[in-house]
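Below: one structure, written as structure tokens.
The values are calculated or read from the model by the stated rules, or taken from the named source; none is laboratory data. As the structure is a prediction and not an experimental result, all values here were calculated from the model. For neighbour counting, all protein chains shown are included, and Cβ atoms are generated from backbone atoms with ideal geometry for every residue, glycine included. Side chains are part of the model used for accessible areas, which takes the heavy atoms of the whole protein and leaves out ligands, DNA and RNA. Shrake-Rupley method; radii C 1.70, N 1.55, O 1.52, S 1.80 Å.
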Amino acid sequence: MTPTTTETLSSHAGGLKLWLERYPFLPALIIVVALLALNGAFSPNSLGYRSLTGLLSTYMALIMLAIAQTYVVSAGDIDLSAGATLSLVNVAIVVLMEKWGGGAGAVVGAMLLGVLLGLVCGVINGIVVAALRLQAIVATFATSIFFTGVALYVMPVAGTPAPALFWRTYGGRLLGLPFVFYVLAALALLLFLLSRTRLVTQLLAVGDDQQAAYQTGLPVVLIRIKGYALCGLFSALAAFCLTGDTASGDPLVGGKMTLYSVAAVVLGGSALAGGWTTVVGSLLGALTIGLVNSLVFFMGTPSEWQNFVQGLAILFVLMAGVLAGRRARA
Amino acid sequence: MSKLKLNGVSKAYGATLALRRGDLEIAAGEVHVLMGSNGSGKSTLCKIIAGSVRPDGGEILIDGQPVTISGPQSARAQGIGIFYQELSLAGNRSVEENICLAMLPVKARMFIDRAALKARAARYIDLFTGVFGDGFAAETLVGNLRADQRQLVEIMKALASEAPILIFDEPTSALDRAQVDRFFDILRRLKRDGRGIIFISHRMDEITAIGDRVTIIRDGETIKTLNLNETDPAAVIRLMVGGAGDMPASRSSAPAVASFATGAAMTVDKLSGAGFRNVSFEVAKGEILGLGGLHGQGQSAMLRAIFGAGAITSGGIRIGGDHFDARSPRDAIRRGCAYVSGDRGRDGVIVGRPIIENVTPIHYLRDRLMIAHPRSLKEKAMPALAAMHTKFASLLHPINSLSGGNQQKVIIARWLIDRPDVLLLDDPTKGIDLSAKADLFALIRQLAADGLGILLYSSEDAELLGNANRILVFNGGSVTRELTGEDRTRYNLYQAAYEAA
């Protein structure tokens, strides 16, 4: 085809633009590689198999939550209750698994109900934002308080332990490989399948221009509700990973993760305005946050300065990514 | 039997009647042209048929059966496809995805069938092979396309609906000759297939080339339907203008021409930028220079560019004797240039803040004011508001508590505390009531009499004819005609606006 030949002939900047269009997570990938190198420089051990597995199982929850956020951001929405949904699912499954005896049947049953609970939270958000037309930021902030309230009712005080079967599986090995690798592989497959669905294309079209999507004849309200439902689903998956990692229930655990998930989406190269998102980027964005945190630790930053350095580092990474993207797209 | 019939369809936005009484009858196998001046209700009529605007009254019949169109989805289900004038494309999606967006082919009920999507899109892309120019491919993101290519994609998208009734609301405004010819070939084929096609264009030559019948809409009302081969363009324009068409503008209302012999307020020399090119003119002190023509022919783009809010690629501006090249609105304001937009929400009102804060921002900027005493500010604000006959309860009430007309008066009042040299008016009376309009124009004339140079773009021709000393008619981004003195008639203004660009 003729257009392909003109593309290869185009200037370096134009080629870069094309690359970014096809793989918008490239800057995030470069940043992750750079952070890995920095981590290695400060502490060679941190690049070992064990440490990386540990990093992955700790940050898998944030990865899932960032991906959850990506689907609502695709449609130009936002979900500030993703973290609260995570907390709610976390305490709900811990309580259920304990009540049902902590066996394999209890774990599976609790997880099924957990998924359902996440979906319900998502649909509530979707109805509030898309059908009742409330401002997404404020409305989901309100539902986050509501969900937290329910979580506190389910488990007033943090600390109920999850059954050993659950966290031993998550932190353990299966056929010689760490279990979290299977989680990652399943996630990759799920993301691949989702990327081919009609829903994701419709979400992005709505995020591009809601009025245009409506005039095209797309069921905009329903599509946005489905986006929130998807977000609730992934928040529930995030809750499973978190429960596996912390081995206990905590009704307030997800609150501070919400804005991290938004940050990860942006660090990954998605446009917060919608219409242009990348789930792979969000995964890398969440890893970026994890790597920044471990870097701050390995650099031997005094504890009272850790937040300061973390914030500075995330700002710096954000700037680098934005500048790279701007230059390539110009 | 008619394919589509509209009986007395109406639509009002608040107090503004967008469509008073729309009647229309489309037969199978015809291209039916809609004609009417700016804001006459053509687009509203089309959007009602396409379901994106819900009518207040009237009835719609398809193939003789009365139907209710509850939204774009329902319109599509009832066999209506539309090309939107402002386009309905997703910029970050590819050409082929956009073409099929309304009905994405799926397999297993949820996954997009890429092969089917490609094949379906290709059917419509292939129709335009050879005329879409460089950088166009099925996989290209629509946001990376040129304006004409985007318009072609919107055409393909409308065609892909395969609807028996197709509406094209100004589909050719950015297309070149070859693209238009190809599009017309396709339209002729659709006509032979028995589709009913509604077509809006402002190019008279296109209308006679493709149209079978024409329906003329004036002030939101259907005036008449004619066979195009039994009429001539002059008769059509006369119908659009109405009975008053041949009369010159009421000269009594325009200010005397002799009073501005004191030199140029602003000189614009061969100015080009995004949306306009090679515009030259001079506004004398005390003159009101009208900018006419159809919507979006570069008038607003030029005014915004002069004010520093849009890009200028070449040419020069002088205010008084000084070279003027504002890089930002802030810069332009400091150097004595004022701009009032009809889009108050975007360009004027500081929403939710008290009236006094909405009157004084320009004063702050021009006086480099850091701290001000409320009482002294009030002394400055009151005369400015009084000059506009602004009605308000208290300076501390939020601006939202006022009507649209009074809000616009507050916006204009903010420029009266420190007088600018040049006033740019960008369709300033959009959506405000008649009495507020009268107050506004009385003040504009007073300002002109005080020696300001005023540029007035209005989408309502009567306002231009009634107030401007001269009118520059824009067409396709440049000035195609200048109307002065006796030439300032409705007929001339329409004719100049509708000439092929």
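Key figures
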| item | result |
| --- | --- |
| Label-point gap, in nm, between B:SER403 and A:TRP305 - each point 7 angstrom along Cα→Cβ | 6.6 nm |
| B:GLU221 long-range amide H proximity, modeled H, under 5 Å | B:ARG20, B:ARG21 |
| By accessible area with a 1.4 Å probe, ligands and nucleic acids excluded, highest first: order of A:TRP276, A:TRP100, A:TRP167, A:TRP19 | A:TRP19, A:TRP100, A:TRP167, A:TRP276 |
| Binned Cα-Cα distances of segment B:28-171, short to long, each 5 Å bin given as a whole percent | 2, 9, 17, 20, 19, 15, 10, 5, 2, 0 |
| Distance between segment B:165-194 and segment A:53-77 - C-alpha centres, whole angstrom | 47 Å |
| Sequence ranges B:488-498, A:119-129, ranked by mean other-Cβ count within 10 angstrom, highest first | A:119-129, B:488-498 |
| Cα gyration tensor shape for segment A:239-330, rounded if a/c is under 1.5, else prolate or oblate | oblate |
| Whole-number Å³ per residue for the convex hull built on Cα positions in the protein assembly as shown | 207 Å³ |
| Cross-link table B:LYS285/B:LYS391; B:LYS157/B:LYS430; A:LYS226/B:LYS11; B:LYS380/B:LYS409; B:LYS42/B:LYS391, entries beyond 24 Å C-alpha to C-alpha | B:LYS285/B:LYS391; B:LYS157/B:LYS430; A:LYS226/B:LYS11; B:LYS42/B:LYS391 |
| Cα gyration tensor category, rounded, prolate or oblate, for chain A with a/c compared to 1.5 | oblate |
| Carbon and sulfur %, accessible surface of the protein assembly as shown computed with the full protein complex present, 1.4 Å | 59 percent |
| Sequence-separation-based contact order of segment B:104-208, relative, with Cα cut under 8 Å and 6+ spacing, percent | 24 percent |
| Computed [θ] at 222 nm, helices only, for the protein assembly as shown once each DSSP H run of length n ≥ 4 contributes -39500 (n - 2.57) | -15500 deg cm²/dmol |
| Interface residues in segment A:193-209 - accessible area drops by 20 Å² or more relative to the isolated chain, probe 1.4 Å | A:LEU193, A:ARG196, A:THR197, A:ARG198, A:THR201, A:LEU204, A:ALA205, A:ASP208 |
| Whichever aspartates and glutamates have a C-alpha closer than 12 Å to that of B:LYS378, once near sequence neighbours (fewer than 8 apart) are set aside | B:GLU357 |
| Dmax and Rg, reported as Rg then Dmax, of chain B (C-alpha, Å) | 24.7, 77 |
| Two-site FRET efficiency, B:THR129 against B:ALA438, from Cβ-Cβ distance with R₀ of 60 Å, rounded to 0.05 | 0.60 |
| Size of the A/B contact, given as accessible area buried on both chains, probe 1.4 Å, in Å² | 2200 Å² |
| Local net charge near A:THR243, Cβ-Cβ under 13 Å (Lys/Arg +1, Asp/Glu -1) | -2 |
| Point-to-point label distance, B:LEU365-B:VAL67, nm (Cα→Cβ direction, 7 Å offset) | 5.0 nm |
| Residue-normalised accessible area of the protein assembly as shown, given per residue in Å² at a 1.4 Å probe | 43 Å² |
| At R0 = 60 Å, FRET efficiency that the Cβ-Cβ distance of B:LYS378 and B:THR208 yields, to 0.05 | 0.50 |
| Cα→Cβ-extended label distance, 7 Å offset, between A:PHE181 and B:ARG109, nm | 3.7 nm |
| Separation of alpha-carbon centers, segment B:20-34 and segment B:289-340, rounded to whole Å | 41 Å |
| Cα gyration tensor shape of segment A:42-108, rounded if a/c is under 1.5, else prolate or oblate by comparing a/b with b/c | oblate |
